[in-house]
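Scroll down for the structure; my scribbles are underneath it.
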Amino acid sequence: MTMTKLKLDIQKLDPAELKKPPAPGQKLLFGQEFSDRMFIMKYTPRQGWHDARICKYGDLTLSPAALVLHYAPEVFEGLKAYRQPDGGVAVFRPRDNFLRMNVSAERVCLPQLNVDDAVYALTELLKLEQNWVPADEGSSLYIRPTMIGIDPYVGLKAPEEILFYIILSPVGAYYEHGFEPVSILVEDEYVRAVRGGLGAAKTGANYSASILAGQLAKKKGFDQVLWLDGVERKYVEEVGSMNIFFVYGEQIVTSALNGSILPGITRNSVLQLAKHWGLATRETRLDIAQITADITAGRITEVFGSGTAAIISPVGALYQADKAYIVGGNKNKAGKITQKLYDNLTGIQYGRIPDPFGWLLKL
Ligand SMILES: *Cc1c(COP(=O)(O)O)cnc(C)c1O
């Protein structure tokens with residue numbers, strides 16, 4: 001049961017000012033179109049969270065001096081709502097996203113959310129915006145909770161004036177051309193995060209640090225980069241903005257959460273599902289030299305990334321220092337366990353198969 005004391009003001013919108021939700025079959029461009037309404041609330045140390053509202057989606061007004069624009073006190077989340085076979089709507093593990101948001105917020109001196117209030121605000125918003133959850137195969141409604149420090153002050157300090165808001169964007173199927181494996185460049189020059197830094201927080205600054213390497217890799221014809229640790233540049237951390245997994249026959253291995261890796265909810269779901277099937281799982285430090293040797297020797301049979309956007313992304317090949325390491329002998333074909341994880345995770349999310357873990361929150 002959700003326990004909430006949040007006083008929520010719901011602005012009535014004139015039906016004439018509502019936009020048209022995407023029609024069935026309409027092409028959806030990720031992150032470019034947003035629903036009619038958003039949730040927003042404010043925080044100050046004196047008042048706590050206050051002025052919680054569901055209002056018309058629209059621009060924010062900020063001081064040009066706002067802290068977030070200079071020193072990046074910002075954290076965000078990404079989760080999805082899925083259309084169910086009975087026409088209803090379910091959200092995947094929303095509590096876990098708000099719990100993680102609190103961990104991220106603490107790292108950059110932003111305040112804690114009441115998780116019950118945040119889940120309540122999200123479900124009330126989704127109830128009003130249900131018709132924005134597309135029903136096309138593979139489509140969903142992407143949910144972006146965001147928290148920013150907006151004190152109008154160009155001096156460096158911990159933020160005291162905070163905004164938290166949630167916006168919604170319908171998104172089409174990630175795999176338009178089938179479940180295609182990607183090509184990954186092992187990034188030897190740039191790093192995404194270091195232990196003691198921001199790597200375990202979902203904060204925009206990490207993305208700022210990562211865009212250049214991703215762009216250079218794309219210019220060279222790769223889809224994404226594989227990030228190594230920031231100190232020795234030797235241990236595997238993540239792939240693009242996903243967590244990474246290696247399959248050794250019947251064993252599923254991923255990098256241990258070491259403080260510079262983002263603890264993905266999809267990563268956690270993969271581990272739980274694999275254990276549920278009786279597969280061995282291991283979270284450990286992974287040396288890239290060992291990984292490439294194990295791919296070459298055929299000990300690693302599959303590689304994939306995990307994250308809310310793609311859910312599971314098969315990796316066909318790693319490239320390092322002009323050498324190619326083709327996974328499972330065919331860089332164009334996803335492995336069996338990779339495919340099974342994808343089918344089952346998306347099966348649960350879309351309500352096609354039972355949810356033994358209680359991951360779905362139905363509206
Ligand atoms: C969000 C994110 C992930 C994936 O997390 P999910 O909860 O599975 O979506 C992985 N790595 C980074 C850097 C991220 O920002």
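The values are calculated or read from the model by the stated rules, or taken from the named source; none is laboratory data. Worth saying up front: this structure is predicted, and the values here are computed from it rather than measured. Positions of Cβ are backbone-derived with ideal geometry, glycine not excepted, and every protein chain shown enters the neighbour counts. For accessibility, only protein heavy atoms count, side chains too; no ligands or nucleic acids. Shrake-Rupley method; radii C 1.70, N 1.55, O 1.52, S 1.80 Å.
A Cβ distance below 7 Å, combined with a sequence gap of six or more or placement on separate chains, defines the contacts here; from the stretch 255-272, residues that are open to solvent by 30 Å² or more (accessible area, probe 1.4 Å) reach residues that are near the ligand (Cβ under 10 Å from one of its atoms) and at pLDDT 95 or above in the pairs Leu257/Pro263; Gly259/Gly199; Gly259/Ala200; Pro263/Arg100; Pro263/Ala200.
Residues in the stretch 273-325 that are in contact with a Gly (Cβ under 9 Å, 6 or more places away or on another chain), open to solvent by 50 Å² or more (accessible area, probe 1.4 Å) and over 20 Å from Leu345 (Cα atoms): Arg299, Thr301.
Just so you know, in the stretch 124-145 the residues that are hydroxyl-bearing (Ser, Thr, Tyr) and open to solvent by less than 10 Å² (accessible area, probe 1.4 Å) include one that is nearest to the chain's Cα centre (by Cα), and it is Ser140. Only one of the numbered conditions (1) open to solvent by 40 Å² or more (accessible area, probe 1.4 Å); (2) at pLDDT below 95 is violated by Gly178, and that is (1).
Here Ile143 passes the criteria (1) farther than 30 Å from Ile348 by Cα; (2) in contact with a strand residue (DSSP E or B) (Cβ under 9 Å, 6 or more places away or on another chain); (3) not assigned by TED's automatic domain parsing to the domain that holds Ile261 except the one numbered (1).
Among the residues of the stretch 194-235, count how many are open to solvent by less than 20 Å² (accessible area, probe 1.4 Å) and hydroxyl-bearing (Ser, Thr, Tyr). Within the stretch 194-235, residues that are open to solvent by less than 20 Å² (accessible area, probe 1.4 Å) and hydroxyl-bearing (Ser, Thr, Tyr) number 1. When the stretch 189-230 is limited to residues that are away from the ligand (no atom under 15 Å from the Cβ) and of a type in the set (A, V, I, L, M), the one that is farthest from Tyr71 (Cα to Cα) turns out to be Ala217.
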